[in-house]
Every structure is written in structure tokens, then in C-alpha cells.
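Novice: Just passing along the structure, written as C-alpha cells.
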Amino acid sequence: MQQERRSVGDLEAEGSAVLGDGPCARYRLGAAYDEMFEAGGAVRGHYAALHQRLTHLPPEELTRRQQACEQSFLHQGITFTVYSDAQATERIIPTDLLPRIVTAPEWDRIERGLTQRIAALNLFLRDVYSDGLVLKDRVLPRSMVYGSKHYLREMRGLPVPAGAYINVCGTDLVRNEKGEFVVLEDNLRVPSGVSYMLANREVVRRAFPGTFRAAGVRAIEHYPRELLATLRALAPFQDDVSIAVLTPGVFNSAYFEHAFLARQMGVELVEGRDLLVNDNVLYARTTSGLKRIDVVYRRIDDDFIDPLIFREDSTLGVPGIFNAYRAGNVVIANALGTGVADDKAVYAYVPKLIRYYLSEEPILENVETYLCREPAQLSHVLANLDTLVVKAVGESGGYGMLIGPHASEAERQAFAIKLRANPDNYIAQPTIQLSTAPTFVESGVEARHVDLRPFILNAEETRIVPGALTRVALKRGSLVVNSSQGGGSKDTWVLNQ
Amino acid sequence: MLSRVADSLYWMARYIERAEHTARLIAVKLESQVEQSSEDARASWMRTLQALSGEEFVADRFDAFAATDALAFARTNPSSLLASLRGARDNARQVREQLSSEVWEQLNRLYLRLQPVTLAAFWNGQPAEFFRGVLRDLHTIEGVAYSTLGHGEGWYFLELGRYIERAQAVSRLLDLYFGASFAGRPHYFDWLMLLKFCSAFEPYCKAHTAAIKPERIAEFLVFDREFPHSLSFSIDRIGAALSHVAPGAPTARRAACERLAGRLKASVDFGHIDELMKGSVAGFLAETTRQCEQIHDAVYATYIAYGAESVL
């Protein structure tokens, strides 16, 4: 297939590039860093093999392979269920067959950066739940920590095994216009998505078997084994550690992942109603009698986990589990109260925390962040709403935010009112052009914005599996990758070299 | 296994057995009504409704359509065919992880197929064939379950549910035919129906020839060791299932259920048809039903809904 090359002058005039007649004919390059193409339209070295493959596959074949991926998801039950009166429809979270590729040196830096980051965050949590030296040293304002809705007074003075508060972390990285990976946010409470990382690998490996083999992609299938080792390490003084995955139940949208991980690790999947606490020991009710549980990998929010201590209307949790935890008779992973460290306002201070606890420069940078609680920064934000993304500190899932450049003047005015009313609750960041990656959509292969969520495991050591969930905003131009708002996912290939 | 999971498997199996029994009774009734006088047909429908606890759900106008609708689809009837399938599916969904994809998909598809159906849509065609189709799908589920599920503790809770439900259903049927409530004396055609309700016609003929004799029917449906719908067979399977569940439970805890099952088994193993016919058939059947209920209660008290104090 002929690849049409335009002159650099033409590209600058258009602000985009046309990349040949094949599947990438409608691929448009913009201001964002593109994972596959350099600014001039040349294919990046590590994407060459995939690009070559794409130009040789007829479009119907690509469609067929894409459909095979989707069918596989459906048959495996990697679905979320939409319940209506008449029936329950199973839908898959959209998956795209084109892998997103990361080179070894890029990944090495990411891995070192994430290891450093989680070490600092765990030290921070230990500190704020004990002596609070970081606050005495005025590294960040007391009110930000103690006033955070996720700070749990009940966790004060409660030691956790290995000082590892965060056992499973999902950190969202994005690549900015300069091509650098920066941290967008940490997810330290109940991060999900790893089952999609694993499922995508399965289907994409079958969609591009030759390309996969030739590329030398690092394996990720051992994630469940690593997770099991991490959970076991939290109860090191026992021979036969009994572990359970605590799920809110079948109606939870991430239920598939809970069941999947429990099955892959070979541990019991339990709901709150299977558990009881007697004499501060946690048990599961089995047909053969009560079975003691030593470590709980909980996929239930702090608020709902113990109706005796937290939300009393919760039917998902276990009355008394917190007391069992406090008595040291059960380990809860992730520890309760980690939300204070993935608060969007605390996020802005993480580079300072890395310097404070580790005396090191952060390997991975944050995105530049304005704290609206600071009057000077608030003024700047209000004056520049049309270029900034404003986020509510306690929210997730892409809700409660304003994407300035995409909003109407009226929407910005309305948001400004909310901002002035409660500035402490908001932070703002410049609109980053998330990098784009080749994505197979109806009209062929086009550029869509992506992010990167690797998973970091931590107990007595930090374990990071060489892979990640790449989330993709399926609508052209959209920067919102969350599945709850129309995002999809891709397999991520971390190369051996 | 988790008590909650055992509970769901047990009920999934009971609901599937209930659905199968209901579908078969309806199919047999619809196929046979052409050969009956309208008076006999009415009485026969009443018996069918009674067998399936459906008599309250028939509206004022009583006819085959109303009866079938009450038994199969009526929203007000908690034991309707559709309600049983819904119960089976809801329980299966809770323990999807314990089931193979084949079992789940078959059950889910059957429910979704039946869910929007109205009787009026096919009543003028071949209604019996519709219910035969449901029966075929249910048999497929049973077969797929047998071949694709591990026969571990979960399997034996399925067995327990199926056979406790079956024993009670067959007892109820027998009671209607041998008990005092039968208006007049049943004649040949009624006995034929009873046998067909239990899928017993051909097996009975093999054992006793086509000479339909009430005593031989009772003997077959109560005491036959080999026929899968006999009380003896169901009770035997209940005992076998009980010996396989909760393998980790201490002997003392298992004793309650096993004793009840053993006693029930003795009453059919060592019973004899002559004694039965001389004595009170109704009494025997009522006692059998009562003991099945006791076993159900004991299973719950021992393995599923036990208080923590009883084990600590």
C-alpha cells in the first residue's frame, strides 16, 4: 500500500497528517503526542511491526478480529449487567483489539517511579495515623488531612502489617504533549480494572499472534500469583493463611473481577452476610462449621465495611470486623482510611512528600495542579476556566468535574459559582492533551486519547507486574476515559527491550 | 463450602425439579383432555391444580385455559412454572461461580425465553407441545449439569434439593389418587394419567405389564428401588446426598440429619405394599411428607442457618 507523505509545510498548515490509504487513512494527528506516529507521520520504531501488520490486513479482517475479541468477553462473562424489569442484559465494557505499546526504558522509569511513590504514600499514611510529623513540619496543611472525609479517626494508632496501608494501588498515568509520563491520580482505596488488563491480553494475543510473539512482550498472567503472595505476606507468622475476597455481591459492576481474582488465587469469595465476628475473630459460615479468616482482600468501601463503626445502614459489611481488625486478629487489605492519600488535594503535595520521606527527587512528575483553597490560586483558576480542568476533591469516575475548553460559557459560569462557594473542595489542572493511540473504530483506525493504569502491589516488598490497563476514550476528541462514561480499554504491551 | 452457596444450590435444584414436575403435569393433562368427557376433564383439571397447589389461582371462569394459565404463568401463583424458573435462575445467578457456563446459559436462556410468553399466544396452536418443549430444555439442563459440574459437595446439595422436592411432589400426587379426597373411584384413564404424571407409564408396563392395577401402581411408585420417580428411590438418594455434604463437619453434627434420613429410608425399605394397602395410605404419605420437611429443617439447622453458638 502506498503511503502518502505530505510536506512538513502542509502538515503545519492543516495541524494534522494524512497517513496513507490503508486502515490508517483517516488517522489524524493533533497537538497530542501520538503513541504510533511521530509528528511528521513516521512510524515509531516499536510500533513498526504492528503498523506493518495493519497495512496488510484487509479492513474486513480487522473487523472480524475485533468482533472475536468482543465475543470472547461476552462468552467468558466479562460483562456488567444492565437490569431492567423484563430481563437482564449483559454488556461488555468496550475493548479495542489494537494494543498499546510501551518500550522497556519507558517502563523501567515508570516502575521505579511508582515504587518510589507508593513507598512515600505508605510512610505518609503511617505518619498521619500516628504522630503526624509531616503536619508538625508544616509540609501540608493540617486541615487538608484532618478535614478530609476519608481520614478515619478510628485508624489512629492502629499498626498495620509491614506498615503497608496500601496493598493494591492503581495509579493513573498520562503522557503529556512532550511525551513524558506523568501521574494523573492515585487510586488507593478499592482500585479495579486488573481483570480487564488480563482479559485484554488473552484476546489480543489471539488477535495478533505473530506480531505478539515477534515483539517480545513481557508476561502479566502471574498477577493473581503476585496478589496472593502480597496478601499472604501480610500474615507472615502463620503457616496456613486463610484469605478471602470480600465482595459487595453479584449486583456490583465489578463483581466479575472479584470472582475472577478469587478463583485465580484459589481463595474463597465471600459477601458480608457470609461472615461473622465472634470474640473479635472473623469467621466465614460454611457447611462444615465456622472457618476463621486471617486476611480479607476487601472490595467494599470504608464506609460500608462495618455498620457498627461506619455507615449503620450498610448491609454489605460485617458488624464487628473493625474490632477484629483492631484486635489484630484479621488483616484488611487495603487498610481502612487510605483515602486521605488519594484525595485530589493531597495529590498536589505528593512530590513534596516524596522529598520529605525519602529525600529523593520524584521520578514521576505530577500534573501541574492549582489548589483552589489558596486564594491566589483560586483567582488564577477563576480567570482561566476556559483552559483548565477543574475537579472536585472527593469525587471519582469523572463526575463533578468541568473540562473548561469543552464547556459552554454558561456551564463555566455555573461552575464558578460552585467554586466560590466551596473553594477547598476543588483543584484545577491545565487541560492535558492525553496521548493518542491507534484505535479501531467504525471508520477504520483512528487516533483516540488514552491513559495508563498500572497496578502496584505492596506488602513486605513492592511488586509491579509489567503491564497496565490502558483506557481509551472512544469518542473522537473526548478526553474522558472512564468506563462509566463511554470509555473502553486496550491491551498494553510492555516490551522486553 | 459457604452456607449461603449451599443454600442457593439447594433451592436452585428444588425449583428446577418443581418446574419440571409442573411442566410435565400440564403437558400430560393437555394431551389427555381430548379423550375425556367434559365432566371427567373438569375433575381431572381440579386434581392437577390440587397436585400443584394451584386451585386458588383459577379465576371464576374455570376451564382448561384458565387452569393452564394459573399453573404456568399467573403472576399471582408463587408456584407457577414461570415462578419456579425465575427462582431457579435467581439462585443460580447468586452462585454463578459454582456452575459451569453451560448450565447457567441453558437455564438463563430458558427463563428469558419463557418470561415474555402469554398463553393466549399459542393456545390455539399446540399448547401441549409448548410444555413438552420446556420439559426437553429442563432435561437438557439436568444432563449438562451431570456432565459438566464436579460431583463434589455442591453437587450433593443439588441432589438433596432435587430429591426432597421430588419426594414431596410424588407423595402429594399419590395422596390425591389413593386418598379419601378422590370423588368416586378412579378408573383406568385416571390411573394412566397418574403414571404419566410421574413419567412412569412405560417403566410400569415393563415391570407389571399393561394391566393397570391400583395396588401395583402404588407398589411401583412407592417401593420400586430402580424407578427414579418412586418414593423409595428419592429417599435413597436423599440419604446418599446427606452422607456427602459437609465433609468437614464432625460426626456428632451430622447425626441429626442422617438419623432422620435413615428412619425415612427404613420405612420404605422395610415396608410392603400389602401392609400399606391394609393400613392407611394417606397416613403413610402424610408421614413421608412430614419427615421430608423435617429433613429440610434439619439440613438448615445443621449446615446453613446455624447459630454461631452452636459450633463454638
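The values are calculated or read from the model by the stated rules, or taken from the named source; none is laboratory data. The shown structure was predicted, so the numbers you read here are calculated from the model rather than taken from an experiment. Reconstructed Cβ throughout: ideal geometry from the backbone, glycine too, with neighbour counts over all protein chains shown.
Novice: Whether any residue in segment B:37-53 is of a type in the set (Phe, Trp, Tyr) and either without any contact (Cβ under 8 Å) to a residue 12 or more places away in the chain or within 30 Å of residue B:154 (Cα to Cα) (or both) is what I want to check.
Specialist: Checked against the condition, which is being of a type in the set (Phe, Trp, Tyr) and either without any contact (Cβ under 8 Å) to a residue 12 or more places away in the chain or within 30 Å of residue B:154 (Cα to Cα) (or both), segment B:37-53 yields no hits at all.
Novice: Do any helices (runs of 4 or more DSSP H) entirely within segment A:95-162 hold 3 or more residues that are closer than 23 Å to residue A:181 by Cα, and if so, which?
Specialist: The helices (runs of 4 or more DSSP H) meeting that bar are A:104-128.
Novice: Quick one: count up the residues across segment B:294-312 that are surrounded by fewer than 18 Cβ atoms within 10 Å (Cβ to Cβ), away from chain A (no Cβ under 14 Å) and touching a residue at least 24 places away in the same chain (Cβ under 8 Å).
Specialist: 1
Novice: For residue A:286, work out the one condition from (1) more than 14 Å from chain B (Cβ to nearest Cβ); (2) of a type outside the set (D, E, K, R); (3) free of Cβ contacts under 8 Å to residues at least 24 places away in the same chain it doesn't fulfil.
Specialist: Every listed condition holds for residue A:286 apart from (1).
Novice: Go through (1) closer than 28 Å to residue A:359 by Cβ; (2) not in a helix (DSSP H, G or I) for residue A:177 and report which single condition fails.
Specialist: (1)
Novice: In segment B:258-312, how many residues are part of a helix (DSSP H, G or I), under 16 Å from residue B:222 (Cα atoms) and among the aromatic types (Phe, Trp, Tyr)?
Specialist: Residues in segment B:258-312 being part of a helix (DSSP H, G or I), under 16 Å from residue B:222 (Cα atoms) and among the aromatic types (Phe, Trp, Tyr): 1 in total.
Novice: Tell me the strands (runs of 3 or more DSSP E) entirely within segment A:435-487 that contain at least 3 residues that are out of contact with any Ser or Thr (no Cβ under 7 Å at 6 or more places or on another chain).
Specialist: Counting at least 3 such residues, we get A:436-441.
Here's the yes/no breakdown for (1) surrounded by 24 or more Cβ atoms within 10 Å (Cβ to Cβ); (2) within 30 Å of residue A:285 (Cα to Cα); (3) within 14 Å of chain A (Cβ to nearest Cβ); (4) of a type in the set (A, V, I, L, M):
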residue	(1), (2), (3), (4)
B:16	yes, yes, no, yes
B:24	no, no, no, no
B:36	no, no, no, no
B:49	no, no, no, yes
B:56	no, no, no, no
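Novice: Another question about this same structure. If you go through segment A:423-455, how many residues are farther than 30 Å from residue A:67 by Cβ and either aliphatic (A, V, I, L, M) or surrounded by fewer than 24 Cβ atoms within 10 Å (Cβ to Cβ) (or both)?
Specialist: 10
Novice: Go through segment A:219-249 and count every residue that is within 12 Å of another protein chain (Cβ to nearest Cβ) and more than 21 Å from the chain's Cα centre (by Cα).
Specialist: 2
Novice: I've got another one for you. Could you tell me whether segment B:241-253 includes any residue that is more than 21 Å from residue B:195 (Cβ to Cβ), more than 14 Å from every other protein chain (Cβ to nearest Cβ) and modelled with pLDDT of 90 or more?
Specialist: Scanning segment B:241-253, I find no residue that is more than 21 Å from residue B:195 (Cβ to Cβ), more than 14 Å from every other protein chain (Cβ to nearest Cβ) and modelled with pLDDT of 90 or more, so the answer is no.
Novice: Let me ask something additional. Counting just the residues of segment A:250-283 that are more than 24 Å from residue A:323 (Cα to Cα), more than 10 Å from chain B (Cβ to nearest Cβ) and small (Gly, Ala, Ser), which one comes out surrounded by the most Cβ atoms within 10 Å (Cβ to Cβ)?
Specialist: Going through the qualifying residues, I end up with A:254.
Novice: Among the helices (runs of 4 or more DSSP H) confined wholly to segment B:106-204, which include 3 or more residues that are of a type outside the set (Asp, Glu) and within 14 Å of chain A (Cβ to nearest Cβ)?
Specialist: B:153-178
Novice: Among the residues of segment B:161-217, how many are of a type in the set (Val, Ile, Thr) and buried (at least 21 other Cβ atoms within 10 Å of the Cβ)? Break it down into steps so the answer makes sense when it comes.
Specialist: Step one: of segment B:161-217, the residues of a type in the set (Val, Ile, Thr) are B:164, B:170, B:209, B:212, B:217.
When the remaining residues are screened for being buried (at least 21 other Cβ atoms within 10 Å of the Cβ), the result is B:164, B:170, B:217.
Number of matching residues: 3.
Novice: Can you tell which of B:101, B:8 is out of contact with any Phe, Trp or Tyr (no Cβ under 7 Å at 6 or more places or on another chain), within 14 Å of chain A (Cβ to nearest Cβ) and surrounded by fewer than 17 Cβ atoms within 10 Å (Cβ to Cβ)?
Specialist: B:101
Novice: Report yes if some residue within segment B:68-80 is touching a residue at least 24 places away in the same chain (Cβ under 8 Å) and within 14 Å of another protein chain (Cβ to nearest Cβ); otherwise report no.
Specialist: Checking segment B:68-80: not a single residue is touching a residue at least 24 places away in the same chain (Cβ under 8 Å) and within 14 Å of another protein chain (Cβ to nearest Cβ).
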